[in-house]
1. Once you place label points 7 Å from the Cα toward the Cβ at Glu282 and Leu248, how far apart are they in nm?
2. Mind putting a number on the dipole of the chain about its Cα centre? Charges go on the C-beta only, +1 for Lys and Arg and -1 for Asp and Glu, and I need it in Debye to the nearest 20.
3. Among Leu151, Leu136, Leu168, which comes first, second and so on when ranked by fewest other beta-carbon atoms within 10 Å?
4. Which of the trypsin sites (Lys or Arg not before Pro) found in region 1-43 are loop residues per DSSP with 15 or fewer other Cβ atoms within 10 Å of their Cβ?
5. Say the dipole of the chain comes from +1 at the beta carbon of Lys and Arg and -1 at that of Asp and Glu; which of Leu169, Tyr279, Ala228 then lies farthest toward its positive end?
6. Ordered by residue, what ³J(HN,Hα) values in Hz, to whole numbers, does region 21-34 give under the Karplus form 6.51 cos²θ - 1.76 cosθ + 1.60, where θ = phi - 60° and Gly and Pro are x?
7. Using DSSP to call loops (not H, G, I, E or B), can you name the GluC sites (Glu not before Pro) in region 14-84 whose Cβ has at most 12 other Cβ atoms within 10 angstrom?
8. If I compute mean projected area of the Cα convex hull in nm² from the structure I just sent, which labelled value in (1) 18.7; (2) 33.8; (3) 15.8 lines up?
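Rule-based calculations on the coordinates, nothing more; no lab input. Predicted, not measured: the structure shown is a model, and the values here were computed from it. Here the Cβ is made from the backbone with ideal geometry for all residues, glycine too, and neighbour counts use every protein chain on show.
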Amino acid sequence: MDVLTDLLQRSRARGAAFSHSTAHGAWGVRFPVGAQLAIHGILGGEAFAWTDDAGTSRHVLAGDIVLVRGSAEHFMAHSPGAETVSFLGHPSVGPPGGAQRMVFGEGPGSSTTFFCGAYTFVGDLCAGLLAGLPELTVVRPRSGSSLRATLDVFAGELLDDAPGQQALLDSLLDVVLVQALREQLAADVHAAPAWFRAMDDPTVGSALRAVHAEPARNWTVADLAAEASVSRAVLARRFTALLGVAPLAYVTDWRMALAREQLREGATSLAAIARSLGYASEFSFAAAFKRHHRMPPGRWRTASRRQAAGLASV
């Protein structure tokens, strides 16, 4: 179990491909703040993309993926700073149940085609992953990249009105996201989360995969060292150097992150959460949670519900 897969699956990342657009001549589109992560794929032509806070635009070409964290309004157009129209409410057509098709711009000139999608994430498991991305990221696939092949399949499916189109597009969008994240994190490895860099380390990567595969196991440093086929001292030294925490501290941090997700869901008892995370009893889990968060899990759950209710009423 690699960490990226575990984060995306446990945070129940939900994406949808919701439009296929063609832009002609002079054009510009203003996308609203909304999803935690917006994704745009340039299938043909070229464009410029920017956010209201970025200051400079990025030139994007056919085959590029644009990722935008949801904290800012963002724009795409035929030239930097061009006049834009709102994406929301723009007239669209499309097959029933399929991706909506939109047309922007007017006048002579080359055309640009692109698709748009959006992602939401439950809880905060992916918060560190998203925070490690620039506000606007342009992922340019390497030559021979599997991402290029996926985009070709995606583009073909967009034009196919066969039954089940939307379900297939949404599944392909998941593939595009994972491949784009892999390429971006690998291309800017110094800005990537520590766990991503550590995954490539033969010693620490083995220990990380073991923890994420079995978070409830009663891990010891000796157990993790055995997974990596090294001594306890080597594992502890290498793990701490790459991740900034000791191996068992990482295990506890991850268990607490999983506990928070279950507490947010609301229905799971403390005893069941304790069992799922490998604690001997509800009381040992509650004590560990209080040490980590400075409040008992029941009080944390109540505070989390109040906060969620407050955000929903805004």
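1. Those two pseudo-labels are separated by 2.7 nm.
2. Taking the Cα centre of the chain as origin, the dipole is about 1520 debye.
3. Ranking Leu151, Leu136, Leu168 by Cβ neighbours within 10 Å, fewest first, gives Leu168, Leu136, Leu151.
4. Arg12
5. Of the listed residues, the answer is Tyr279.
6. 10, 10, 10, 10, x, 8, 8, x, 10, 10, 9, x, 5, x
7. Glu83
8. Entry (1).
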